[in-house]
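Just so you know, all these numbers are worked out from the coordinates, no wet-lab data involved. It should be emphasised that the depicted structure is a prediction, and the values quoted were computed from it without experimental measurement. Every residue, glycine among them, receives a Cβ derived from its backbone with ideal geometry; neighbour counts consider all protein chains shown.
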Amino acid sequence: MGSFAKNQWYAAAWLSELTDAPLARRILDEPVVLFRTPEGTVSALLDRCPHRLVPLSMGTVTGRGLQCGYHGMTFGGNGRCVHIPGQDTIPPQAQVPSYPIEERYGIAWIWMGEADQADRALLPDIPYHDDPDWERIDGGYQHHPSNYLNIVENLMDPAHTTFVHKQTIGNPAAADTPVTMERTDEHIVAYKWLKNSPPSQMDVKIKDFGDEKVDRGIFFYFIIPSTSRVDVITMPAGLEPTEENYNKGLRNNSYKFLTPESETSTHFFWMHLRNYKVGDKAWSERMRGVFEQTFLEDRDIEMAMQSWQNEVGVRQFVGLEIDRAPTIALRMIGKMVKDEKAERETAVA
Amino acid sequence: MGSFAKNQWYAAAWLSELTDAPLARRILDEPVVLFRTPEGTVSALLDRCPHRLVPLSMGTVTGRGLQCGYHGMTFGGNGRCVHIPGQDTIPPQAQVPSYPIEERYGIAWIWMGEADQADRALLPDIPYHDDPDWERIDGGYQHHPSNYLNIVENLMDPAHTTFVHKQTIGNPAAADTPVTMERTDEHIVAYKWLKNSPPSQMDVKIKDFGDEKVDRGIFFYFIIPSTSRVDVITMPAGLEPTEENYNKGLRNNSYKFLTPESETSTHFFWMHLRNYKVGDKAWSERMRGVFEQTFLEDRDIEMAMQSWQNEVGVRQFVGLEIDRAPTIALRMIGKMVKDEKAERETAVA
Amino acid sequence: MGSFAKNQWYAAAWLSELTDAPLARRILDEPVVLFRTPEGTVSALLDRCPHRLVPLSMGTVTGRGLQCGYHGMTFGGNGRCVHIPGQDTIPPQAQVPSYPIEERYGIAWIWMGEADQADRALLPDIPYHDDPDWERIDGGYQHHPSNYLNIVENLMDPAHTTFVHKQTIGNPAAADTPVTMERTDEHIVAYKWLKNSPPSQMDVKIKDFGDEKVDRGIFFYFIIPSTSRVDVITMPAGLEPTEENYNKGLRNNSYKFLTPESETSTHFFWMHLRNYKVGDKAWSERMRGVFEQTFLEDRDIEMAMQSWQNEVGVRQFVGLEIDRAPTIALRMIGKMVKDEKAERETAVA
C-alpha cells in the first residue's frame, strides 16, 4: 500500500460499464463499488457494508441509493446510510468511506487519496478527444496480473517491440534507432525521428503515397504516475516539427491509463485516436483486435516478470542503455510516493 | 481450533452416506474417516495411517476393519491396529485416534472433545421425527465456505429474507414486524405472531382456507452451539398457543445442523418435517428444490462476508436492532468455548 | 533447499524433449532453462534474464545462443551474454548462472552443485542399454506432486504392490515372502527369490514354459540418491545365480530417475529394458500403458502422504518390519546431504 501515489486521478471504469447494477473493482488494493446514483452521477464507496461486511456490490441500486443485499441498509453517493429497514434511527457510524469521482472522456476517474486535494484540473489532457476530424476507439480494458511499474517500463520502452511483438507491430529495423529523451516535472518523453524515409508498411495500407518521402516520428509520453500516450506521426518530408504540421499526414495517438489493482495486478485501460479513416468503424474493429493482441503479448511478459519478482524480491540485476527513460519514470514515481508519505507524516505530527 | 466448542455432538454424516466405502470429512479442522465396521456400527477415526500418513479413507473396509490402501495395515472401529501384512507382532503404538459416534435420526453424530463426556442424552431432540402424521425430508447437505458463526447469525435473523430470498421465500411485509426473544441456558428463540390475518400465499397453495382467518407464528430456535429449528405455524385464529393447538393447522419444522469444517467452512445439514401432505413425495421434492435454492442464496452472502473477514479480521462495524438474537447466540457460543478452555487448563494444572 | 544432495547428477530432460525451443524445468527448487546451443550440445542456465527477470525459456534459440523474448539479450551455453541489441558494450555482470550438463542414455543429466566436482564418471550405469539383444522403452516421464523421499520409499518397498496395484501388477501372494537386504556405500538392494516355482502369469503370456519350473528373483536396487533399478529375473530352475545365467530366461530391468522439483514435487523419469520380444514395438506400447497406470496409482498415494506431511510436519509415526530397506536408503541420503552441508561450511571458513 505504501508503494502507490494516492493523490492522483486513476481511471476506475468506463462510463459505459456503469449501468443499473453496481460494479466492484479493487483499486490501489482497496475494494471499491461504483454505481450511478438516482441523481445520475457516478459514486464510489468502499465495497463493504459496515453492518456484516457484505460487499455492497452484491446489492442493488434503488431510488434511495445503494442497497445492501443482506438486510437492505441503503447508502447515498456520499457513503452515509439513508435507510435501515425496521429501524427508525440511523446511527452516526452507519456509513462507508467514499471516494471523489470525476466523469470525463467517457471514463469515471477516482481519487483514492486526500479528498480535499481532488482537483478536476489535474485530470489528464487528451487532445482531439472530441475533434470531429479524428476517430476514436473507446472501451479498451485488460486485466494484467503484474505490478503496474512493470507496465510503466514497458510503455516507455520502444526496444521491446522487435522481440515481443513479432506477430503484430514489431519491426526488426527499429531496434537500433537512437532515442532522444526529455522531461518536465509532470512527464517524460522518449522519441525518435526517421527523416526523409519511405512510409511504413502500415502507412501504405492506409494511403497511396506513390514515391513521396515522409518524416516519421514516434513519441512515447509518460505522464506521471499512470498515463501513457504514444504519438505516431507520418508527415510530408521536410516540414517544420509543429503541432499543425504533425496533423498534415497520418497520425495515431494511443493512450493507456494504468490503475493499480494490487501490488501484483493492474487495470489496463486503453483508448485510441487517429486523424484518418474517420467514421470507418470496420477499420476501428480491426485496429482494436491488433491492439488487444499486442497488449496480451506484453501481458505474458509482465506476468512472468512478476512471478520472478515474487520469488527474489528484486526488479532488475543488470541495467541496459535502453533503460534510461523507464528508469527516470520509475524514479519520478518513487519520489512522488515518498513525498506523499512525508506529507502524511507531517500532517500527523 | 480454539474457537469451536468440542464437547458437543455434531452431525458428521447422513447414515445413508455410509455404504461399503469409507467417507472422508474434515470436522472441527480434523480430518476424519467414517466407516461402517464389520459389526454394522459406524466408527470414526483420524483419517491418517500412523505408518506413512496415507489417509485411511483411500483404503477399503474388509471383514477385519478399515484397511490402509498403501500396505494393508487394518484398524478396528476403536482405532487399534488388528492386522499388519507380513508381520506377526503389532506394536502398541499402531493405532489411530477414534471419536465417539451415535446413530440417531438417520445421522451419525460425532463427539470431537473428551470421549468420557460423550453422552447420548445430549443429542438434539427432534419432535415428531418418527410420527406417522408427519412427513420428513431427509438427506439435505450443502458445503458452505464460511465460518459457521456467519451461518448461526443468518439462521437467527428473520430480517434478511426480504432481501436475500427475493427469488424464493422473501416477503417484503415481514421486514418490519416486531420480534420477541426468549432464552434458556441451552437455547435462544426469536419469534413473532401475525394474529387474525389471512393465510400466506404459500398456505393457500396447500389448503383451501376460504374466508377463514388464521394466527401465524414463526419461531427461530437456536440450540447452542449448532442446531437451528424454524417452527412455522398456521392455526385457526383465536386458539390458545399450546403445542396441541399448533398442530391443528399447517406446521413446518425446518432443521439445520451446522458442523464446522474449518475456521472458514461449514458442513450444512438440513432436514424438514411437516404435518400435511403426508406421503406426497412429489411435493417433498418440490420443497427440497426451494430449500436448496434458498440456502445457496445464503451461501453467496456468507462467502462474501468470509472474504472480508479474512481481509480485515473483524466481523462487524455497526450494530443494528435486528442483531439482538444473533448477538446473544454468539455470546452464548463464546462463553461455551471459553468455559471449555478453562476446563482444559484446570485439567492440565 | 537444505534437504537435497546437490553434488549429484540428476535427470533433467529426455534429449528428445530438446528440440528448437528452450525447455523450462524447475530442478532442486531452481528454475532452469535447457536448450541446444548452435554447436548442438545441451546447455542449462538459470531461467531468468538478469535485465528484467523475464524467464529465458520464453525466448528463442538463435544462431548466437538463447535470446531473451523481451529485449533480445542473448546468452551462450556458458551463461555469458554475447549480444545486446542497440548496445555495443556488454557489461561484465550480464550473465546468468549455468549448470554442467552431460548427455548420456538419451538423457540430459544436470549437476546443480559445485561445477568442479561434476564428473562424467559419476553418471549412473545402465547395463545392456545399447545391447542389440535387449529392447528398450524410452521417454517415460510423470510429474509427481510429492517430496521425492516418498517416492524413494515406494520404490524400495515390494510390500505395497499387493494393495496399491490391485488393478495392475499386484499379487496377493507376494505380501508375505521374506526379503533379503544388502548394501554398499553407493547403493542398497532388497531382493527375494522364489526357487523352483511355476512361472508367473505374466511370464506365460510371453513364452510357453510347458511344465518347466523356474527360479524367480526380484531385486530392488536403489543407487543413492535418486536412481532405482528393479531387476526381475525368470530363469531355468537350479542354475547358479550369475549375471550370465540371469540372461538365460526372461529378464526385465525397470529404471526410475527421480529429480526433485521442489520440496513437495518430483520429476519422475522412467525407462525399461527387456531381453525378449526384441523389436516388438506393439508389445512395448502395451507395457508403457501398464507402467504409466501403475505409477499413477503410486502418485495418488504419494500426493495424499504429502498433504498430511504438510499439515503435521512429520513423515511417519509407527515403523513396520517392511520399512528396513527404505529406512536405510533415507538414512544414506540424509548422511549425504549432511556431509555436503559440512563441506560447504568448511569451504566458507
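Brief remarks follow.
- Taking 19 Å as the cut-off, the amide N atoms of the range C:50-68 that come nearer than this to a point 7 Å along the Cα-to-beta-carbon line of A:VAL314 belong to C:50-57, C:68.
- Between B:GLU244 and A:ASP133, the distance separating the two model label sites (each 7 Å from Cα on the Cα→Cβ line) works out to 9.6 nm.
- A Stokes-Einstein calculation at 25 °C with viscosity 0.890 mPa s, built on the Kirkwood radius of the protein assembly as shown over Cα pairs, returns a diffusion coefficient of 70 µm²/s.
- Around the Cα centre of the range A:9-121, unit charges on the Cβ atoms of Lys, Arg, Asp and Glu (plus for the first two, minus for the last two) sum to a dipole of about 260 debye.
- Shown here: the range B:18-96, whose C-alpha atoms stretch 33, 26, 19 Å along the first, second and third principal axes, sorted largest to smallest.
- For the protein assembly as shown, the Cβ-based charge dipole about the Cα centre amounts to some 480 debye (Lys, Arg positive; Asp, Glu negative; other atoms uncharged).
- Dipole check for the range A:211-294: with +1 at the C-beta of Lys and Arg, -1 at the C-beta of Asp and Glu, and the Cα centre as origin, the magnitude is about 220 Debye.
- Mean per-residue shielding of peptide A:85-93 is 4, counting Cβ atoms of other chains within 10 Å of each Cβ.
- Other copies of C:THR19: label-to-label distances in nm, shortest first, labels 7 Å along the beta-carbon direction: 4.5, 4.5
- Comparing Cα centroids, the range A:199-230 and the range C:281-334 end up 61 angstrom apart.
- Among the GluC sites (Glu not before Pro) in the range A:66-158, those located in a DSSP loop and surrounded by at most 15 other Cβ atoms within 10 Å of their own Cβ are A:GLU114.
- Full extension of the segment from B:GLU17 to B:VAL337, taken as 0.36 nm per residue of separation minus the current Cα-Cα distance, would add 112.2 nm.
- Take C:ARG288, move 7 Å from Cα toward the beta carbon, and the resulting point lies 4.7, 4.7 nm from the same point in each other copy, nearest first.
- Helices assigned as whole DSSP H runs in chain A whose Cα atoms extend at least 20 Å along their own long axis and whose mean Kyte-Doolittle hydropathy is -1.0 or higher are found at A:281-312, A:324-348.
- Shown is the FRET efficiency for B:GLU39 and B:ALA121, computed with R0 = 22 Å from the Cβ-Cβ distance and rounded to the nearest 0.05: 0.40.
- Equivalent-ellipsoid semi-axes of the range B:128-341, from the Cα gyration tensor, Å, largest first: 30, 19, 17
- Computed FRET value (nearest 0.05) for C:TYR141 with C:SER3, which takes r as the C-beta separation and R₀ as 22 Å: 0.45
- Here r is the Cβ-Cβ distance between B:THR180 and B:ASP280 and R0 is 35 Å; the resulting FRET efficiency, rounded to 0.05, is 0.55.
- Each copy carries a label point for B:ARG64 at 7 Å from Cα toward Cβ; from one copy, the others' points are 6.8, 6.8 nm away, ordered from shortest.
- For the range A:246-349, applying the loop criterion from DSSP together with a ceiling of 16 other beta carbons within 10 Å to the trypsin sites (Lys or Arg not before Pro) yields A:LYS248, A:LYS277, A:ARG315.
- Antiparallel DSSP beta bridges within the protein assembly as shown, percent to nearest 5: 100 percent
- For the peptide C:68-75, the mean number of other protein chain Cβ atoms found within 10 angstrom of a residue's Cβ is 6.
- Projecting the Cα atoms of A:LEU149, A:ALA347, A:THR242 onto the dipole axis of chain A, where Lys and Arg carry +1 and Asp and Glu carry -1 at the beta carbon, places A:LEU149 farthest toward the positive end.
- Reducing the range A:72-86 and the range C:37-92 to their Cα centroids gives an inter-centroid distance of 59 Å.
- Selection from C:THR327, C:ILE233, C:GLY217 lying farthest towards where the dipole of chain C points positive, charges on Cβ: C:THR327
- Of all residues in chain B, the one whose Cβ lies closest to the rotation axis carrying B onto C, together with that distance in whole Å, is B:ASN310, 12.
- Inter-part distance, the range B:103-165 to the range C:240-273, computed on C-alpha centroids, equals 55 Å.
- Pairwise label distance in nanometres, B:ASP211 with C:ALA24, each label 7 Å out on the Cα-Cβ vector: 7.9 nm
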